[in-house]
Amino acid sequence: MATDPHAWFDHDRFGMFVHWGLYSLLARHEWVQHREQIDPDEYARYADVFTADRYDPQTWAKLAAEAGMKYVVLTTKHHEGFALWDSALTDFKATNTPFGRDAVAEFVEAVRGAGLKVGFYHSVIDWHHPDFVVDGIHPLREHEDVPGLNAGRDQARYAEYLHGQVRELLTNYGEISYLFYDFSYPGGRGGLPGKGRADWNSEELMRLTRELQPGIVVNDRLDIPGDLVTPEQYQPSGPMRRDGELVRWEACQTINGSWGYDRDNLDAKPVDLLIRMLVDGVSKNGNLLLNVGPNGRGEIDPPDAARLREIGTWMELHSASIYGAGPSELTPPPGAVYTQRGDRLYLHLFSWPMRHVHLTGLAGRVRYAQLLNDASEVAVTESDPHQHAQNTTPGGESVGTVTLTLPVRPPAVAVPVVEIWLTNDEASSKA
């Protein structure tokens, strides 16, 4: 039987996204050039002061591993067009700055050295390139003479450049496990045309990608289907489908709403929410790609690093409910979420109940239950469904329900988890 080359992605569930580039110097969101309509010629001056003197991808990789992440995805080039590697196709690159090094090469070495899988983000947009046609999201979209600016620009010639840079990235750095293309907008914006598959020559670009890296996971943002769907900044309400069929998916999420370093944005999500987002995704058969935006010197902000370490503290005790896990056909009680891995069912208690939690559909199917953080036993009972409530005696639950008796005080973890060992009896599993 052939091995699924993408099985690792479904197993690992949790990755780090890294947005880092010239926009990190401006410290006002990675779309700052678009938002402030900065002319590409003016924006290019930031390359002259890109020193990145504290760039240390080994620290990034170590932090990702400590957080329980299994793959790391770096923005090799964002919409600004600045290449973090020594591209032979442009002068607008990291090796032509005071930093003077191939940041991608160092990143790949560090991530592999930490035992993690290497992923690249690559924008198909490029506001710096002279052949990239000015459109509805271009920084020059409100220029008084957009037709004049576009005279002589050749989008097909730009597509050749795009493919050439992808060839460099997928040829020069060994095995690349994941490629996150970003992004298509064929509907147009602001009264100007957008760009889609014809503008990127997407079918050919996808063919090239798979030819150079046969086992790679590729997303869905070339305006053609990929290996996964990429909900951004929201959690799907359930397992994702395309044309009625279940599809692989991954939510890409930020800590504070900004992908790139945003100095004055203090709207950071609490650790327990970030963990609940991870659990929520796995319960719906999805992954979480959680972003960090290092600053202009190349450092991950200390508060963000602290959050990742706290996630790692939780993952160290509870990763069995994440790695290799997925959705359960069982319905969890209110305030809780199930994940399942084989005969192990994981009850994630987003809200800690008063002593008892009732689980429907599990009568006769539970061998054992314990708090996952310390392997302390949790009592499991099945009450007579006809039992009447009186004083301290609770009323019976519906047929097929088991009751867990929990301590009054929750364990000192961000999200408590009960590990339930299910019976292997096939007849019971069909009950």
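The values are calculated or read from the model by the stated rules, or taken from the named source; none is laboratory data. Please read all numbers here as calculations on a predicted model, not as lab measurements. We place every Cβ from the backbone using ideal geometry, glycine too, and count neighbours over all the protein chains shown. The protein model used for the area step is the full one, side chains on, heavy atoms only, and it has no ligands, DNA or RNA in it. Shrake-Rupley method; radii C 1.70, N 1.55, O 1.52, S 1.80 Å.
When the stretch 209-252 is filtered for residues that are closer than 25 Å to Arg167 by Cα, assigned to a strand (DSSP E or B) and out of contact with any strand residue (DSSP E or B) (no Cβ under 8 Å at 6 or more places or on another chain), nothing remains. The combined condition, being within 15 Å of Asp280 (Cβ to Cβ) and touching a helix residue (DSSP H, G or I) at 6+ places or on another chain (Cβ under 8 Å), is fulfilled by Gly326.
Looking at Leu63, Leu74, just one residue is part of a strand (DSSP E or B) and buried (at least 17 other Cβ atoms within 10 Å of the Cβ), and that residue is Leu74. Only one of the numbered conditions (1) charged (D, E, K, R); (2) surrounded by 16 or more Cβ atoms within 10 Å (Cβ to Cβ); (3) free of Cβ contacts under 8 Å to residues at least 12 places away in the same chain is not met by Asp243, and that is (2). If the condition is being open to solvent by 20 Å² or more (accessible area, probe 1.4 Å) and in contact (Cβ under 8 Å) with a residue 40 or more places away in the chain, then the stretch 195-225 contributes Asp199, Asn201, Glu204, Leu212, Pro214, Gly215, Arg221.
Tally up the residues in the stretch 1-47 that are under 22 Å from the mean Cα position of the chain (by Cα) and among the hydroxyl-bearing types (Ser, Thr, Tyr), please. The qualifying residues number 2. Considering Ala65, Ala27, Ala7, the condition of being closer than 30 Å to Leu317 by Cα, of a type in the set (Gly, Ala, Ser) and touching a Gly at 6+ places or on another chain (Cβ under 9 Å) is satisfied by Ala65 alone. Scanning the stretch 301-315 finds one or more residues that are in contact (Cβ under 8 Å) with a residue 12 or more places away in the chain, open to solvent by less than 20 Å² (accessible area, probe 1.4 Å) and among the aromatic types (Phe, Trp, Tyr).
Kindly establish whether Arg153 is crowded, with 16+ Cβ neighbours inside 10 Å, of a type in the set (Lys, Arg) and not in a helix (DSSP H, G or I). Criteria not met by Arg153. If the condition is being charged (D, E, K, R) and within 23 Å of Glu250 (Cα to Cα), then the stretch 193-219 contributes Arg197, Glu203, Arg207, Arg210. Residues in the stretch 335-359 that are in contact with a Gly (Cβ under 7 Å, 6 or more places away or on another chain) and open to solvent by 60 Å² or more (accessible area, probe 1.4 Å) were compared, and the one that is nearest to Asn424 (Cα to Cα) is Arg341. Per this entry, Thr3 is counted among residues that are closer than 30 Å to Ser283 by Cβ and at pLDDT below 95. Screening Val417 with (1) in contact with a Ser or Thr (Cβ under 7 Å, 6 or more places away or on another chain); (2) open to solvent by 30 Å² or more (accessible area, probe 1.4 Å); (3) modelled with pLDDT of 90 or more gives one miss only, at (2). Among the criteria (1) β-branched (Val, Ile, Thr); (2) assigned to a helix (DSSP H, G or I); (3) open to solvent by 30 Å² or more (accessible area, probe 1.4 Å), the one Thr331 does not fulfil is (2). Screening Trp85 with (1) in contact with a helix residue (DSSP H, G or I) (Cβ under 8 Å, 6 or more places away or on another chain); (2) open to solvent by 10 Å² or more (accessible area, probe 1.4 Å) gives one miss only, at (2).
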